[in-house]
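The values are calculated or read from the model by the stated rules, or taken from the named source; none is laboratory data. All values reported here derive from a predicted model rather than from experimental measurement. Neighbour counts are summed over all protein chains in view; Cβ atoms, including those assigned to glycine, are modelled from backbone coordinates with ideal geometry. Accessible surface areas use protein heavy atoms only, side chains included; no ligands, DNA or RNA. Shrake-Rupley method; radii C 1.70, N 1.55, O 1.52, S 1.80 Å.
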Amino acid sequence: MFDSVLTIALGAILINNFIFSQFLGCCPFLGCSTKIDTALGMGLAVTFVMGLASAICYAVNMLLIALELEYMSTLAFILVIAVLVQFVEMFLKKSVPSLYTALGIFLPLITTNCAVLGVVLLNVQNNYNFIESVVYGITGGLGFLVAIVLFASVRDRLQFADYPESFDGFPIALVTAGLLALAFMGFSGMKIG
Amino acid sequence: MNLKKQFTEGLITNNPVLVQRIGLCSTMAITTMFFNGIGMGLSVLIILTCCNVVISAMRKAIPNDIRLAMFVVVIAGFVTIVDLLLQAFVPALSASLGVFIPLIVVNCIIIGRAEAFCQKEPVVPSFFDGIFQGIGYTLVLLCMCIIRELLGSGTFGAGVFEIVDGSFRAVLDGSAAGIRIFPEEFGATIMIMPFGGFLTLACLLAAMQYALRKSAEKKEAAARAAKVEVVKEAAE
C-alpha cells in the first residue's frame with residue numbers, strides 16, 4: 001500500500017511531471033509565471049483544487065458507474081470542477097481574504113486548467129482507488145508547483161539574456177521551459193523499490 | 001459578412017496558436033506523428049464549428065452571468081459525442097490521443113472563440129469562424145508534426161501515408177508506417193520527447209513574430225514613402 005502511494009507520489013512530482021512530461025496545465029504555467037510570488041500562489045491553489053477534485057470526482061465516478069452513465073463522465077467532471085472552484089473562491093473570500101486578493105483573477109481560471117480535469121481523467125483511466133486518487137491529485141499539484149516556481153525563477157533572469165529579437169516574449173519562455181523539461185528527463189529512468 | 005477577412009484571420013493574422021497563443025497544451029503534447037496531428041486537428045475543427053453554431057444561436061437566450069458555465073456544458077456535450085464516435089470508429093486514434101480528446105473541453109480555443117466571437121455574431125459568420133479557426137489550428141498541428149516526426153524518426157506521414165511495393169497508399173486507421181526520408185538511427189529522438197515540443201513551438205512562434213514584424217515594418221515604410229510623396233507634391 002505504502003509502496004504504491006510512494007510510487008505514485010514520486011512519479012507525479014518528478015518522473016511524469018504534469019508540465020514537463022505530460023503537457024497538462026501549460027496555459028497557466030506560461031501565463032502566471034512572470035513573478036515568483038504569483039507562481040507560488042497559483043501552484044498552491046492548483047494543488048488544493050486538484051486534491052479536492054480527485055476526491056470528489058472519485059465519488060462522482062462511483063455514482064456514474066452505479067447508474068451506468070459512464071459516458072457522461074467528462075461532462076460531470078467539468079461541472080464538478082467548475083462548482084468546486086467557485087466554492088473555493090467564495091470560501092477564501094469569506095475566511096482568508098488576504099489569499100483571495102493575492103490570487104485575484106487566477107482563481108476562476110483554474111476551472112479551465114487542463115491539469116485539473118487531466119488528473120481526474122487519469123485517475124479513472126489508471127483505475128486508482130480512493131487513497132491513490134487523492135495522493136495522485138495532491139502530488140500532481142505539487143509537481144505543477146515545483147515546475148511553475150522553477151520556471152518563474154529562471155524567467156526572472158531572462159531579462160539579462162541576449163537572444164534574437166524575434167524570440168522576445170513567448171518563444172524564449174518556451175525554449176526555457178523546454179530546457180527545464182530536458183533536465184526533468186533525467187528522472188525518467190528512476191525506479192522505486 | 002466578410003469571408004476573405006475571416007479566412008486570413010483564422011489562418012494567419014489571428015491564428016489561434018501562433019497569434020492568440022491559446023490551446024498550447026494539446027499543440028505540444030500530441031504532435032509526435034502525422035496521424036495524431038490530423039486526427040486532433042479535425043476533431044477540434046468539428047467540435048469548434050458545432051459549438052460556435054449552437055452558442056451563436058443561443059446567444060440572446062444565455063444570461064450574461066452564467067455564460068461560461070453554459071458554454072462549458074455545450075462544449076462538453078460535443079466533446080463527448082466526438083470522443084464516443086472516435087472510440088467506436090477510429091479506436092487507434094482514440095488510444096493514441098488518450099486523455100487529450102476529453103481534454104478538448106478545457107481547450108482555450110473553443111471557449112475563447114465562444115467568448116470573443118460567437119456571443120456577439122450571428123450564426124453564419126460563427127460557422128465560418130469555426131471552420132477557419134479550426135483549419136488554422138490544424139495547419140499549425142500538421143507543421144509541428146511534420147517537423148518533429150522528420151527530425152525525430154526520419155519519416156513523413158506516419159499512420160496515414162506509406163509506400164508499399166513502390167505504390168503510394170493512404171490509410172485512415174493509423175496502421176501505416178510512414179514514408180522513410182532517412183534511416184531511423186539518424187533521427188534525434190529528443191524531438192519526439194517533450195523538449196522537442198517546446199522547442200518546435202518556440203521556433204514557429206518566433207518565425208511568426210519575425211514575419212509579422214517584417215510586414216508591419218514594410219507597411220510603415222510604405223506609409224512613410226507615401227507621406228513624403230504627398231509633401232513633395234505639395235511643395236511643387
Has segment A:93-104 got any residue that is within 14 Å of another protein chain (Cβ to nearest Cβ) and either assigned to a helix (DSSP H, G or I) or open to solvent by less than 30 Å² (accessible area, probe 1.4 Å) (or both)? no
Within segment B:115-123, can one find any residue that is open to solvent by 20 Å² or more (accessible area, probe 1.4 Å), within 12 Å of chain A (Cβ to nearest Cβ) and closer than 26 Å to residue A:26 by Cβ? yes
If we scan segment B:147-158, do we find a residue that is open to solvent by 80 Å² or more (accessible area, probe 1.4 Å), at pLDDT 85 or above, of a type in the set (Asp, Glu) and not in a strand (DSSP E or B)? no
Being outside any helix (DSSP H, G or I) and either under 18 Å from the mean Cα position of the chain (by Cα) or of a type in the set (Val, Ile, Thr) (or both) is the requirement here; does residue A:29 meet it? no
Please determine whether any residue of segment B:60-68 is among the small types (Gly, Ala, Ser) and crowded, with 18+ Cβ neighbours inside 10 Å. no
Considering A:145, A:109, A:158, which residue is of a type in the set (A, V, I, L, M, F, W, C), more than 30 Å from residue B:115 (Cβ to Cβ), open to solvent by 20 Å² or more (accessible area, probe 1.4 Å) and in contact (Cβ under 8 Å) with a residue 12 or more places away in the chain? A:158
Given (1) surrounded by 15 or more Cβ atoms within 10 Å (Cβ to Cβ); (2) part of a helix (DSSP H, G or I); (3) modelled with pLDDT of 85 or more, where does residue A:128 come up short, assuming only one miss? (2)
Here is a check on your reading of the model: is residue B:148 on the phi < 0 side of the Ramachandran plot and within 14 Å of another protein chain (Cβ to nearest Cβ)? yes
Got a sec? Which of A:60, A:116, A:85 is modelled with pLDDT of 90 or more, in a helix (DSSP H, G or I) and open to solvent by less than 20 Å² (accessible area, probe 1.4 Å)? A:116
Among the residues of segment A:180-189, are any more than 10 Å from chain B (Cβ to nearest Cβ) and open to solvent by less than 40 Å² (accessible area, probe 1.4 Å)? no
Regarding segment B:194-207, can at least one residue be identified that is open to solvent by 80 Å² or more (accessible area, probe 1.4 Å), part of a helix (DSSP H, G or I) and among the hydrophobic types (A, V, I, L, M, F, W, C)? no
Look at segment B:179-189 and say how many of its residues are open to solvent by less than 50 Å² (accessible area, probe 1.4 Å) and within 12 Å of chain A (Cβ to nearest Cβ). 0
